[in-house]
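> Questions regarding the structure given below will be posed in turn.
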Amino acid sequence: MIVLDKFYIDGDWVEPVGGRTMDLIDPSTEKVVGRLSLGNEADVDRAVAAAKRAAPAFAATTVEERIALLERILAAYNSRYDEFAEAMRVEMGSPITFATKGQAARGPLHIEALLKVLRDFRFEEDMASGTRLRHQPIGVCGLITPWNWPVNQVIVKVGPALAAGCTMVLKPSEFSAISTVVFAEVLHEAGVPPGVFNLVNGDGPTVGSAIAAHDDVAMVSFTGSTRAGIEVARAAAPTVKRVAQELGGKSANILLDDVDLEDAVRRGVAACFTNSGQSCSIPTRMLVPAHLMDRASKIAADAADAYRLGPTDAADTQLGPVVNRSQFDRVLSLINSGVAEGATLVAGGAERPESLPDGYYVRPTVFSDVGPDMTIAQEEIFGPVLSIIPYRSEDEAVAIANGTFYGLAAYVQSADRERARTIARRLNGGQVHINYPPADFGAPFGGFGRSGNGREWGEAGLREYLETKAMIGYGAGE
């Protein structure tokens with residue numbers, strides 16, 4: 001039994017003020033594997049006070065000191081790499097191979113990319129007028145992270161906050177607290193000064209809201225659903241703090257008529273099913289020329305049927321369960337809505353896999369002949385569900401791709417790179433992926449519209465935690 005009954009505040013593990021707890025459930029078995037203590041407003045007050053006390057001294061550290069700190073964090077993380085993978089397997093149902101090669105691998109990749117940025121970043125720079133610009137830490141930051149990429153999302157917030165010289169209070173999702181506790185232990189081992197990093201577990205309406213509304217929190221960085229992001233922004237508004245949000249997505253993947261259809265469709269299916277479909281930026285809408293719909297649907301169905309859905313501790317499992325009962329019920333409800341609204345189900349469906357009677361397993365599902373206004377084409381499903389939508393011209397494809405409230409990512413595939421580039425310029429998304437490129441951890445990550453504001457990753461992520469001050473007359477007379 002895993003017992004997470006303490007919070008990390010002011011450099012020590014302390015008893016919570018709040019007395020509530022929740023069971024930790026392994027989504028692959030539906031069995032209770034642990035217990036988590038949940039905080040309240042008093043716990044947040046204590047953590048924010050510690051961060052506020054630590055802020056002046058940490059803001060005064062040199063860039064070289066913060067680089068050395070991040071290097072120690074990287075080394076400590078790597079020494080416990082397998083623990084992170086196992087934690088994410090248990091807490092959110094990531095198959096162990098993906099947890100090891102995908103989930104846990106993101107930590108070092110982001111820290112290494114951040115170190116490259118920090119070594120070259122100019123915290124002070126001069127304008128031709130003689131004014132000096134100083135980029136200084138914004139202060140105490142409230143960080144609220146989701147369950148779907150637990151370590152990834154914690155590190156892309158904690159890392160740049162540390163690099164900028166900020167102090168912080170972190171509230172991870174209550175469904176991914178195990179890996180976050182391991183990360184807090186890594187930070188302690190690496191020598192993060194007391195009060196610089198603080199961890200309070202709890203739910204969004206209690207702990208998340210208290211962080212967002214707190215007078216002494218200068219900035220909130222939130223990743224999660226658009227619905228929850230709206231509530232965070234409302235709570236933060238009275239104190240006029242900075243709010244950076246990475247929210248939902250419904251990314252389109254335009255396959256132009258010159259692609260190798262077999263390759264493009266299979267890779268699109270694989271991208272959509274990444275992390276059991278529980279990723280905000282994956283391509284869940286595949287747009288294909290209408291005359292290729294039948295071929296594309298057959299390829300996608302064959303690809304989906306070949307996926308290995310199974311126990312998370314099996315090395316050959318490709319798809320694990322979704323994270324919890326609520327998400328399971330939501331995904332099945334949306335699959336049923338696709339059938340009810342007239343989309344053609346070509347693979348999967350809402351029935352439980354016969355070989356997996358326990359666990360929140362959803363069969364890899366593909367719909368074809370999906371109308372762009374159907375519920376499954378508009379709502380973020382967050383499960384292994386692909387919608388294939390026909391189009392009859394490039395203009396129509398772009399209009400369909402841009403025809404949602406979201407704008408987190410978009411994808412375009414073509415044998416003619418310049419043709420793909422032309423389409424990419426027209427797509428509304430914070431990241432547009434051309435011909436299935438590898439991830440660029442230095443590129444800004446964030447969205448348009450209801451996918452949020454602000455950016456993470458690389459230099460853009462660092463700048464979110466800095467205020468720019470103009471010192472006018474700084475160079476006068478020199």
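The values are calculated or read from the model by the stated rules, or taken from the named source; none is laboratory data. Not measured: the values here are computed from a predicted model. Neighbour counts are summed over all protein chains in view; Cβ atoms, including those assigned to glycine, are modelled from backbone coordinates with ideal geometry.
> Output yes when any residue across segment 70-93 is at positive phi and assigned by TED's automatic domain parsing to the domain that holds residue 206, and no when none is.
yes
Per-residue answers, yes or no, for (1) assigned by TED's automatic domain parsing to the domain that holds residue 131; (2) over 26 Å from residue 140 (Cβ atoms); (3) in contact with a Gly (Cβ under 7 Å, 6 or more places away or on another chain):
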{"position": "382", "(1), (2), (3)": "no, yes, yes"}
{"position": "389", "(1), (2), (3)": "no, yes, no"}
{"position": "397", "(1), (2), (3)": "no, yes, no"}
{"position": "404", "(1), (2), (3)": "no, yes, no"}
{"position": "408", "(1), (2), (3)": "no, yes, yes"}
{"position": "428", "(1), (2), (3)": "no, yes, yes"}
{"position": "432", "(1), (2), (3)": "no, yes, no"}
{"position": "466", "(1), (2), (3)": "yes, no, no"}
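> Further, regarding this structure: Which of the residues that make up segment 329-385 are of a type outside the set (A, V, I, L, M), within 22 Å of residue 290 (Cα to Cα) and part of a helix (DSSP H, G or I)?
338, 375, 378
> Oh, and also: Would it be correct to say that residue 151 is in the same structural domain as residue 64 (by TED's automatic domain parsing), outside any loop (DSSP other than H, G, I, E, B), of a type in the set (Val, Ile, Thr) and surrounded by fewer than 24 Cβ atoms within 10 Å (Cβ to Cβ)?
Here the answer is no, as residue 151 does not meet what is asked.
> Quick check on residue 423: is it crowded, with 23+ Cβ neighbours inside 10 Å, under 15 Å from residue 255 (Cα atoms) and not assigned by TED's automatic domain parsing to the domain that holds residue 93?
For residue 423, the condition - crowded, with 23+ Cβ neighbours inside 10 Å, under 15 Å from residue 255 (Cα atoms) and not assigned by TED's automatic domain parsing to the domain that holds residue 93 - is not met.
> Further question on the same structure: Would you say residue 237 is on the phi < 0 side of the Ramachandran plot, in contact with a helix residue (DSSP H, G or I) (Cβ under 7 Å, 6 or more places away or on another chain), surrounded by fewer than 21 Cβ atoms within 10 Å (Cβ to Cβ) and outside any loop (DSSP other than H, G, I, E, B)?
It is false that residue 237 is on the phi < 0 side of the Ramachandran plot, in contact with a helix residue (DSSP H, G or I) (Cβ under 7 Å, 6 or more places away or on another chain), surrounded by fewer than 21 Cβ atoms within 10 Å (Cβ to Cβ) and outside any loop (DSSP other than H, G, I, E, B).
> Can you work out which of the residues in segment 326-363 that are touching a residue at least 40 places away in the same chain (Cβ under 8 Å) and basic (Lys, Arg) is surrounded by the fewest Cβ atoms within 10 Å (Cβ to Cβ)?
330
> Could you figure out which of (1) over 21 Å from residue 154 (Cα atoms); (2) in a helix (DSSP H, G or I) isn't true of residue 211?
In the conditions (1) over 21 Å from residue 154 (Cα atoms); (2) in a helix (DSSP H, G or I), residue 211 misses (1) alone.
> Strands (runs of 3 or more DSSP E) wholly in segment 1-53 with at least 1 residues that are at pLDDT 95 or above and under 18 Å from residue 168 (Cβ atoms) - which ones?
Numbers: elements: 2-4, 7-9, 12-14, 20-26, 31-38.
Correct list: 7-9, 12-14.
For (1) outside the structural domain of residue 379 (by TED's automatic domain parsing); (2) more than 22 Å from the chain's Cα centre (by Cα); (3) closer than 25 Å to residue 99 by Cα, each residue gets a yes or a no:
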position	(1), (2), (3)
307	no, yes, yes
318	no, no, yes
321	no, no, yes
328	no, no, yes
339	no, yes, no
348	no, yes, yes
352	no, yes, yes
355	no, yes, yes
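> Which one is farthest from residue 280 (Cα to Cα), of the residues in segment 178-230 that are modelled with pLDDT of 95 or more and of a type in the set (D, E, K, R)?
Here the residue is 189.
> Return yes or no: is residue 189 out of contact with any strand residue (DSSP E or B) (no Cβ under 9 Å at 6 or more places or on another chain), part of a helix (DSSP H, G or I) and surrounded by fewer than 24 Cβ atoms within 10 Å (Cβ to Cβ)?
yes
> Would a scan of segment 113-121 turn up a residue that is surrounded by 14 or more Cβ atoms within 10 Å (Cβ to Cβ) and within 19 Å of the chain's Cα centre (by Cα)?
yes
> Just one of (1) buried (at least 24 other Cβ atoms within 10 Å of the Cβ); (2) assigned to a helix (DSSP H, G or I) trips up residue 262, so point out which.
If we test residue 262 against (1) buried (at least 24 other Cβ atoms within 10 Å of the Cβ); (2) assigned to a helix (DSSP H, G or I), just (1) comes out false.
> Then there is this: Which of the residues belonging to segment 440-478 are in a loop (DSSP other than H, G, I, E, B), at pLDDT 95 or above and either aliphatic (A, V, I, L, M) or over 21 Å from the mean Cα position of the chain (by Cα) (or both)?
If the condition is that a residue be in a loop (DSSP other than H, G, I, E, B), at pLDDT 95 or above and either aliphatic (A, V, I, L, M) or over 21 Å from the mean Cα position of the chain (by Cα) (or both), then 443, 472, 473, 474 are the ones that fit.
> Between residues in segment 170-194 that are assigned by TED's automatic domain parsing to the domain that holds residue 35 and within 28 Å of residue 68 (Cβ to Cβ) and residues that are modelled with pLDDT of 95 or more and of a type in the set (Asp, Glu), which pairs lie under 7 Å by C-beta distance while being six or more apart or on different chains?
179/91; 182/83; 194/10
> Among the residues of segment 283-325, write down those that are aromatic (Phe, Trp, Tyr) and either crowded, with 24+ Cβ neighbours inside 10 Å or part of a helix (DSSP H, G or I) (or both).
none
> Residues being part of a loop (DSSP other than H, G, I, E, B) and either aromatic (Phe, Trp, Tyr) or surrounded by fewer than 22 Cβ atoms within 10 Å (Cβ to Cβ) (or both): count how many of those fall in segment 386-413.
Here the count works out to 5.
> Here are the criteria: (1) surrounded by 21 or more Cβ atoms within 10 Å (Cβ to Cβ); (2) outside the structural domain of residue 102 (by TED's automatic domain parsing). Tell me which single one residue 458 does not satisfy.
For residue 458, the exception is condition (2).
> For segment 27-43, what are the residues that are touching a strand residue (DSSP E or B) at 6+ places or on another chain (Cβ under 7 Å) and β-branched (Val, Ile, Thr)?
Result: 32, 33.
> Restrict the check to segment 122-131 and report whether at least one residue is of a type outside the set (A, V, I, L, M), crowded, with 23+ Cβ neighbours inside 10 Å and not in a helix (DSSP H, G or I). Break it down stepwise before answering.
Of all residues in segment 122-131, those of a type outside the set (A, V, I, L, M) come to 122-126, 129-131.
From the residues that got through so far, the ones that are crowded, with 23+ Cβ neighbours inside 10 Å too are none.
The answer is no; no qualifying residue exists.
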